[in-house]
1. Have a look at LEU59, LEU10, LEU43 and report the one farthest towards the positive end of the charge dipole of the chain, computed about the Cα centre with Cβ charges (Lys/Arg +1, Asp/Glu -1).
2. Would you mind getting me the FRET efficiency between ILE54 and LEU33? Use the beta-carbon distance for r and R0 = 35 Å, nearest 0.05.
3. With viscosity set to 0.692 mPa s and temperature to 37 °C, compute the Stokes-Einstein D of the chain, Rh being the Kirkwood radius across alpha carbon pairs; µm²/s, no decimals.
4. Would you mind working out the magnitude of the charge dipole of the chain relative to its Cα centre, with +1 at each Lys and Arg C-beta and -1 at each Asp and Glu C-beta, to the nearest 20 Debye?
5. Using the Cβ atoms and a cut-off under 14 Å, what net charge is assigned to the surroundings of ILE28, where Lys and Arg are +1 and Asp and Glu are -1?
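Read-outs: derived from the displayed coordinates by stated rules, not from any lab. Keep in mind it's a predicted model, so treat the numbers as computed, not measured. Note that we place each Cβ from the backbone using ideal geometry, even for glycine, and neighbour counts take in every protein chain shown.
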Amino acid sequence: MNLLKDFIKLEAASGIILVFAAILAMVIANSPLDKFYDLLLDLPVEIRIGPLLIAKPLLLWINDGLMAVFFS
């Protein structure tokens, strides 16, 4: 557990996780599991607050939402 706490305290921890996630996504996208990867990216994700409903596939949430937060 100390190793995890020490890793999280590193300034570069988020960058390291991002690089490994990108490598994992490229490996899966170029493997026989690519059909499941496509299904995951097409997964509908909704946020509902009262009458307000925002429904998009996971890929659009990643592109529109997370990238905007990441680069701001």
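1. Projecting each Cα onto the dipole axis, the largest value belongs to LEU10.
2. According to the calculation, E is roughly 0.75.
3. D = 222 µm²/s.
4. 160
5. -1
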